[in-house]
Amino acid sequence: MCGIAGYIGNLDASSVLLVALERLKYRGYDSAGIATQENGELTIGKSAGRLKELQDIYDEQGSFGNCGIAHTRWATHGTPSTENAHPHCNTDQSIAVVHNGIIENHERLRRQLTDQGAIFQSQTDSEIIPHLLATYYDGDPIKAVQACIKELEGSYAFAAIFADHENRIIVARHGSPLLIGRGPHAMMLASDIPALLPHAHDVCVLEEGQIADIRNDSVEIVDADSNNVDPAFKKIEINFNEVSKGEYDSFMAKEIAEQPEVVQRIIDDRISNGALADIAVEVDLSQIQHVVFLACGTSWHAALLGKRFLEHYARIHVEVDISSEYRYRNPIAAGGTLVVAISQSGETADTLASLRLARSMFMPVVSLVNVVDSSIARESEGALPLLCGPEIGVASTKAYTGQLTALFLFALQMAKAKGRLTAEQEKEAIDSLLPIPELVAGTLKNAEEHVLDAVEVLAPANATVFLGRGGEHATALEGALKLKEIAYVHATGYPAGEFKHGPIALVTNQLPVVCIAPQGAMHDKMLSNLEEVRARQGRIIGVGQSSDRDLKNLSDHLFPVDLAGNELLQPLLSILPLQRYSYHVARRRDCDVDQPRNLAKSVTVE
Ligand code: M6R
């Protein structure tokens, strides 16, 4: 969590960094700050609350120099307050640091540094870093950073500026992402690519254990053993439109609307001349007997559907594990097991740790990631890009439908590699996927007025239950997660067959119950669940075909979804009205859909 940025160039650093922070605030947004360096002095500006308040400080106090570092925070140690906001400084304010990660041995180091005379201003773990740097600093910032990181336990990407070094930023990385950007008139650093735009055209990913010395016209990198490393810059592929809201009021609204093109992009990439295109993974899929999916949050919901796709087409045994559970178990590394890590950001700490655990047990790991240069992608034997474009809204929407599409195609690849998919079956499966982009567009359009009608009545409800069976159980979980995280409505997703084993006690005439009941094998079973809810006067939102009279009769509101044709693909459509429902409920309740309270886009700490 937290986002860091830095700039050296010919523009006012604070103005550039405020824009960079705006692009990083999805990583945390409870406080923010900037440190600039000019004429042998550091100037610090910070504030608790939204970025606007930091902007006001700079509008009032003016700017100080062309070199600076910045931070937007998601609190781990210490409350969100101005004192705890980064940058943090050493006692005489000659070194300023911004940090993303957690320093696990901070208490011991704080005691040690305090005994040596350091005066701490905050409750954060991060403030350790400038004080430690000061104890090792003898005029050479690189040596100070090298000595400092030997003492740090935990994870960090940090950037430091020194009052007596003009136009120079030193960065170090271990466990948290850090990118260096290069442009014709500037050098930058950031936790993520959008924050480098538009000043940088090329990007270099700082690797684990590396330290970089960034100046206005050069970058020098040394690795953990102090060897010089050539910086490997490559062109930045994303453009400004991808990281702006355009005509939409929020990134979430934009990203929901982008789903037809996301699904189409994945289809175009993975299907060639009507057949599956080769995928670049260094694993022989034909030898795989068993798959373990590892993921968190929305990506875990996608994995639940990935299991269904794989079991159906490849007929192999699949386990789905929540990364934060897997990493603390003693999992079995059976021969022939493939681990598949799923992550939008590619930086989720628990998924990364699980991946490392799996690799330490010699299991091959393939990942499905949206951010291609992410840690999870780089540490996998093969990374299949999700091609969704940057997802900036904290609530994952287009990455979910992208993951489902990619997982469906991955299941077909696996089935084909194992000789369990005939040419005819391959064609049939692909043909069932091709209409999905259009159906996604149609479902989003057709559902909107029905969603708005339901929101009008149900937005004040303080709890909601989501029920689904089969693949739609994942939809129920995902629908509930969306409503919780952006509208702050307590919501629970349940397999409908389990409802009468307890949760049905919740039903009153005040409780909205979303019943996901499209046509298919589970349809009639779902109608029985609707009957049970109705008998107890629950307020039913049915999700299914508009031509389904039984569903319509049992529902107070019907969210129409098109019929996917292939039942396995139906969840790609069923989730769409539920994304829009959460979005509208959140707006009605005056919630910030892009930056819900207490959350951050990438969960890079445990
Ligand atoms: O980047 P990842 O896919 O690894 O993130 C996993 C979860 O943190 C993420 O899906 C989270 O649950 C979203 N906020 C859900 O909308």
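Post the alpha-carbon centroid distance, region 474-521 to region 49-66, in whole angstrom.
With region 474-521 and region 49-66 each reduced to a Cα centre, they are spaced 45 Å.
Tell me the angle of helix 571-588 to the major Cα principal axis of the chain, expressed in degrees between 0 and 90 and rounded to the nearest ten.
Between helix and principal axis, roughly 60 degrees.
Provide the per-residue ³J(HN,Hα) series for region 261-269, in order, calculated from phi with Karplus coefficients 6.51, -1.76, 1.60 and θ = phi - 60°, each as a whole number of Hz, with x at glycine and proline positions.
For region 261-269, the Karplus-derived couplings read 6, 5, 4, 4, 4, 5, 4, 4, 6 Hz, x marking Gly and Pro.
Quick check on the chain: helices-only [θ] at 222 nm, where DSSP H runs of length 4 and up contribute -39,500 (n - 2.57) each and the sum goes over total residues. Nearest 500, please.
-11000 deg cm²/dmol
What span do the alpha-carbon atoms of region 250-434 cover on each of the three principal axes, reported in whole Å from largest to smallest?
44, 40, 24
Using the Kirkwood radius over C-alpha pairs as Rh, can you work out the diffusion coefficient of the chain via Stokes-Einstein at 37 °C, viscosity 0.692 mPa s, in µm² per second?
Result for D is 130 µm²/s.
Accessible surface of Glu456 in the full protein assembly, 1.4 angstrom probe, to the nearest 10 Å²?
120 Å²
Give the value in nm², to one decimal: projected area of the alpha carbon convex hull of region 158-254, averaged over all directions.
Result: 7.6 nm².
Which residues' amide hydrogens lie under 5 Å from the amide hydrogen of Gln519, considering only partners 5 or more residues apart or on another chain, with H built in the peptide plane?
It is Gln545, by chain and number.
Indicate the gyration tensor shape class of region 199-311 (rounded, prolate or oblate), computed on the Cα atoms with a ≥ b ≥ c the square roots of the eigenvalues: a/c under 1.5 is rounded; otherwise a/b larger than b/c is prolate and the rest oblate.
Verdict is oblate for region 199-311.
What length, rounded to one decimal in nm, is gained on full extension from Arg378 through to Asn598, with 0.36 nm per residue of separation minus their alpha-carbon distance?
76.3 nm
Which cross-chain or sequence-distant (5 or more) residues have an amide H under 5 Å from the amide H of Cys296, H modelled 1.01 Å from N in plane?
Ser323
With a 1.4 Å probe and every protein chain left in place, tell me how much accessible area Phe233 has, in Å² to the nearest 10.
50 Å²
With a 1.4 Å probe and all protein chains kept in place, how much accessible area does Arg539 have, in Å² rounded to the nearest 10?
For Arg539, solvent-accessible area is about 70 Å².
In whole Hz, with x marking every Gly and Pro, tabulate ³J(HN,Hα) for region 175-192 from phi via Karplus 6.51 cos²θ - 1.76 cosθ + 1.60, θ = phi - 60°.
Going residue by residue, I get x, 10, x, 8, 10, 10, x, 10, x, x, 10, 7, 10, 9, 9, 6, 6, 8 Hz, with x marking Gly and Pro.
Can you grab the distance from the C-alpha centre of region 400-448 to the C-alpha centre of region 324-372, Å, no decimals?
24 Å
In whole angstrom, note down how far apart the Cα centers of region 159-191 and region 455-471 are.
Each part's Cα centre sits 46 Å from the other's.
The values are calculated or read from the model by the stated rules, or taken from the named source; none is laboratory data. These numbers were taken from a predicted model, which means no experiment stands behind them. Each accessible area value is taken on the protein alone, full model and side chains, heavy atoms only, with ligands, DNA and RNA left out. Shrake-Rupley method; radii C 1.70, N 1.55, O 1.52, S 1.80 Å.
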